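Working notes, beginning with the structure itself.
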């Protein structure tokens, strides 16, 4: 099987699974609300996944880097499909929470595993286009999923949507099953011990110490994006209370963000061979943070909607550039460990920042706090752009450590 055929199959499988996830996302919220009538119970869904990921990410990378990632992805999707299938038959809120926690535990293995697999199966020259295509498919799923879910809930019920998501995991597993095996060496799974984990963390530390410029650029990007994501928790409050728009207006603005993201990822895929991923990442970050600022400076529906369309558009470039950057500069042999440990740090920072911003916003002006925070993200984005400009004059962006077939 040639690389592009395998790539298209992988994009199709993951894209279909993501479509199922968005259909499920709406349905599970409706199911919990119908079951309990409690907004707090629905809010509980949003803390289960990050808690599960923090619990697994300290050690999941050690497993990912030592097993056949293709087989691991298949196993994870089959298990998730089976667990999701059980949810419609549960009548206890806490049993549903437990099931969602288990799904999230297994799901935390899939993202890093797929990154390793893509790095190994796709040549470095084609990764930027592949990541743009993946972003385009995910944006399409974001747009279509909630709409399809709403239609299915009206015509059938929420449980049918949940079962559809279970089947989408199985379909994704079947597609991955026909993809080529990228494991060059025999599997060497070792017992998971404290000593092994510490040694793995040291391996990541040694890599960081020898790739300081990479790490500086990586941290600048992550901080700029995390600060931006931390104010996402305030966007609904800002739209409803500050702009005094309706729930329908809020839904429209979010949908338009998806339109912008789909357009951005489409353009990014077309331009992948002409514009370097380093400019996607750096310029995309600056413009993304800029439109966070214009959103929180908006004064009506049109200004808010235009800001979010452009935010979605340029975040597609930033995300594509960042993903390609990591794939090209982190050795595939330690990518699982690096990504998992990085996710722990990012998750903790984002949780703390979100809580701090929410607390301060209660004390002073919400708009002022969000503008100041987004301004800091923009400054970090500009520093990132300057660092990338400096690095592009050296051989940094031409040195690639990842393994390819």
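No lab work stands behind these numbers, since they all come straight from the coordinates. Computed from a predicted model, the values in this text were never measured in an experiment. Note that we place each Cβ from the backbone using ideal geometry, even for glycine, and neighbour counts take in every protein chain shown.
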Ranked on Cβ counts within 10 Å of their own Cβ, fewest leading, 182, 69 go 182, 69
With Cα springs under 10 Å, the Gaussian network model of the chain assigns the largest mean-square fluctuation among 25, 142, 291 to 25
Length gained if residue 379 through residue 219 is fully extended, taking 0.36 nm per residue and subtracting the Cα-Cα distance, is 56.2 nm
Label model pair residue 160, residue 47: point-to-point distance (7 angstrom along the Cα→beta-carbon line) in nm is 3.5 nm
Expressed in nanometres to one decimal, the distance between label points 7 Å along Cα→Cβ at residue 349 and residue 271 is 2.6 nm
Ordered by fewest other Cβ atoms within 10 Å, a rough proxy for footprinting exposure, 66, 80 read 66, 80
Using alpha-carbon positions, the gyration tensor of the stretch 248-303 gives root eigenvalues a ≥ b ≥ c; with a/c under 1.5 called rounded, otherwise prolate if a/b exceeds b/c, else oblate, the class is oblate
Ordering 8-18, 105-115 by per-residue average of other C-beta atoms within 10 angstrom, highest first, gives 105-115, 8-18
So, with points 7 Å from each Cα along the Cβ direction, the residue 232-residue 5 label distance in nm works out to 3.7 nm
A chain fully extended from residue 390 to residue 360 at 0.36 nm per residue, minus the present Cα-Cα distance, gains in nm 7.1 nm
Taking Cα pairs closer than 8 Å and at least 6 residues apart, the relative contact order of the chain in percent is 26 percent
Given [x] -0.43; [y] -0.50; [z] -0.56 as possible values of log10 I(q)/I(0) by the Debye sum over Cα atoms at q = 0.08 Å⁻¹, the one from the coordinates is [x]
Kirkwood-based Rg/Rh on the Cα set of the stretch 1-178 evaluates to 0.98
Length gained if residue 299 through residue 202 is fully extended, taking 0.36 nm per residue and subtracting the Cα-Cα distance, is 29.9 nm
